[in-house]
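One structure is given here, and the rest of the page talks about it.
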Amino acid sequence: MSPYWMYYERTSPKEVKNGLKAKSKRGCIGETWWSKRFVSILESLDMGARLTRGKSYARKGQVISIDVKPGVVKARVQGSFPDPYDVSIKLLPLSPAEWEKAIAYMASKAVFSARLLSGEMPQTIEEAFSDCGISLFPKKKSDLKTDCSCPDWSNPCKHIAAVYYLLAEQFDRDPFLIFKLRGKSQKEIVEALRNLRSSWAEDDSKNPSGSVHDSITPTEDKVRSLEECLDCYWQKGSELDLLEINPRSPPVENAILKILGDAPISIGRDNLAVLLKKAYSIASQAALQRADRGRL
C-alpha cells in the first residue's frame, strides 16, 4: 500500500445537492424494530469512531445513491475529493437449503404466514430464523465484506458507515430489503409460502392424518380436541402475542356498506345499513383512540 494512502489531510466533504439525507436529525437512526436491530448490531461490532462520523455524513446528505441487490449494497458517497467514492457492502446470501428450511418454518406458523402474505414483516421474524439455526442479520464484523474507494485505510470508513445508517432507514420503508440482501425478494418469499401451504393443504385433503408433511414442519403444534381445551377455551393462545394490531382510518369510510346500498332489513324506521354505519363508526373511533393511547 502506498504511503499516500496511509495518511491524508482531514478536510470537509463537498456539499451534495439532492443527496440522500437521514430523517433523524439527532439521537438514534431508525424507527422500526428491524432498522433499530440492524443499527444496534453494527454499533455492537466495535467499529470505532468512524461509525459516529458516518452518522454525521448520513444526516448531511453526502450519500448520492444506494442500490440494494441480493447479497450486495452498492452506493456512491461524496467526500472531500472531486469525484464521489464507490462503496460496496456485501452480506453473504443464505443458501438454497437454508432458505428452504426458513420458508418451511414460516409456512408452518399461521401468524408468520398471514403477516408475510399480507405484505407485513412479523416482529419476531429474527427468532423464526434463529429457531432454524440461521442468522438473518449479520452476527460478526466478518459477516460484512465492505470496500470504499476513498483513501482512508480504516474499514469501515465514514463513507461506508454513512451507507449503513441510510440502509437502516431504508429498512424502515421496506423491511423486506433485509430478505433481498440475504438473497430472496418479497415476491419470491410470498410465492414460496403460497405454493408450500397450497401443497400441504392438497396433501392434507388426500391424507386426513396429516402425515405427509409432518416431517417437514415439526414445529407446527398438533391440534387438540375440544374436550382437552375446555378449561382454557376462552383464553388467548400464545401466538396471539406475536400479532401487532395497528388500526388506521380507511381511505373511504364504510366503503362496503356504500357499495352494497340499503339492506333488505329495517329496524323500526331505520334501515339496517344506517345502523351499521353508526356502529362501525363508534367501534372505529374507539379502536383508534385505544391504539393512540398504546403508542404514547
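Laboratory data are not the source of any read-out in this text; all were calculated from the coordinates shown. This is a predicted model, so every value here is computed, not measured. Using ideal geometry, Cβ is built from the backbone for each residue, glycine included, and neighbour counts are taken over all protein chains shown.
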Dipole of region 255-295, positive end: most advanced residue of 261, 289, 279 [Cβ charges, Cα centre]: 289
Residue 174/residue 269 FRET efficiency (R0 45 Å; Cβ-Cβ; nearest 0.05): 0.35
Extension gain from residue 199 to residue 260, taking 0.36 nm per residue of separation minus the Cα-Cα distance: 18.4 nm
Footprinting proxy, 280, 85, 165: sorted fewest to most Cβ within 10 Å, the residues are 280, 85, 165
Approximate spin-label separation residue 186-residue 52, in nm, with each point projected 7 Å along Cα-to-Cβ: 3.6 nm
Full extension between residue 123 and residue 65 adds, at 0.36 nm per residue less the Cα distance, a length in nm of 18.0 nm
How large is ³J(HN,Hα) for each residue in region 154-162, as worked out from phi by the Karplus curve 6.51 cos²θ - 1.76 cosθ + 1.60 (θ = phi - 60°), to whole Hz, x for Gly and Pro? 6, 9, x, 7, 5, 6, 5, 4, 4
Residue separation times 0.36 nm, minus the C-alpha to C-alpha distance between residue 40 and residue 74: what's the value? 10.1 nm
Trypsin sites (Lys or Arg not before Pro) within region 105-178: DSSP coil, no more than 12 neighbouring Cβ in 10 Å: 139, 140
Label-point gap, in nm, between residue 288 and residue 17 - each point 7 angstrom along Cα→Cβ: 4.2 nm
Interchain or long-range residues, amide H under 5 Å from residue 149's placed H: 86
